1. Quick one: what are the phi-derived ³J(HN,Hα) couplings along the range 15-29, Karplus 6.51/-1.76/1.60 with θ = phi - 60°, whole Hz, x for glycine and proline?
2. Return the sequence-ordered ³J(HN,Hα) values of the range 33-44 in whole Hz as given by the Karplus equation 6.51 cos²θ - 1.76 cosθ + 1.60 applied to θ = phi - 60°, using x for Gly and Pro.
3. Using modelled backbone amide H atoms (1.01 Å from N, in-plane), which distant-in-sequence or interchain residues come within less than 5 Å of Trp6's amide H?
4. Which sequence of Ile18, Ile112 reflects their accessible areas, 1.4 Å probe, from the largest down?
5. Whole-Hz Karplus ³J(HN,Hα) for the range 84-99, in order, using 6.51 cos²θ - 1.76 cosθ + 1.60 and θ = phi - 60°, x for Gly and Pro?
6. Check which residues have an amide H placed less than 5 Å from Ile69's amide H, if you skip close sequence neighbours.
7. With a 1.4 Å probe and every protein chain left in place, tell me how much accessible area Thr102 has, in Å² to the nearest 10.
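The values are calculated or read from the model by the stated rules, or taken from the named source; none is laboratory data. Worth saying up front: this structure is predicted, and the values here are computed from it rather than measured. Calculation scope for accessible area: heavy atoms of the full protein, side chains included, ligands and nucleic acids excluded. Shrake-Rupley method; radii C 1.70, N 1.55, O 1.52, S 1.80 Å.
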Amino acid sequence: MAFLQWSCQDVAQWIESIGFPQYTACFTENFITGKKLIYVNCNYLPRLGITDFEHMKAISACVRELLGISEPLWNRSIADPPRDDMAMFLEVRSRTGERADTLTYAQFLKQISKQQDYSKAADESQ
């Protein structure tokens, strides 16, 4: 998870290393740090100035690979999007503050397991 500590320059170097040096300014001018990289996907890239669809797909795939999250299943309903545990964990870690900075993946999984158990119990009681 070292990428969470990346500066804008670190992210720009990574973008260059994956074969897209033409977009380093897009990331530095928009202050994309390691924590903000978690939100970079095909929906977000045009806001950074990246509009080539093939480049958007490739960069998004590299971000997912870096973060260790699975590709979303596009054939599912948008009303019920799939949630990858690692993606949800990284969203929490992308926030600032002591809680986000100290949370481990194991602690996070324990928390969501408790929430799921609570939801199941509530559903069964109805």
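1. 4, 5, 5, 8, x, 10, x, 5, 9, 4, 5, 4, 7, 6, 5
2. Taking θ as phi minus 60°, the curve returns 9, x, 5, 7, 4, 4, 8, 7, 8, 4, 6, 8 Hz for the range 33-44.
3. Gly34, Lys35
4. Largest to smallest exposure gives the sequence Ile18, Ile112.
5. Once θ is set to phi - 60°, the couplings for the range 84-99 become 7, 4, 5, 5, 5, 4, 5, 4, 5, 5, 6, 6, 9, x, 4, 4 Hz.
6. Under 5 Å from the amide H of Ile69: no residue qualifies.
7. That residue has around 90 Å² of solvent-accessible surface.
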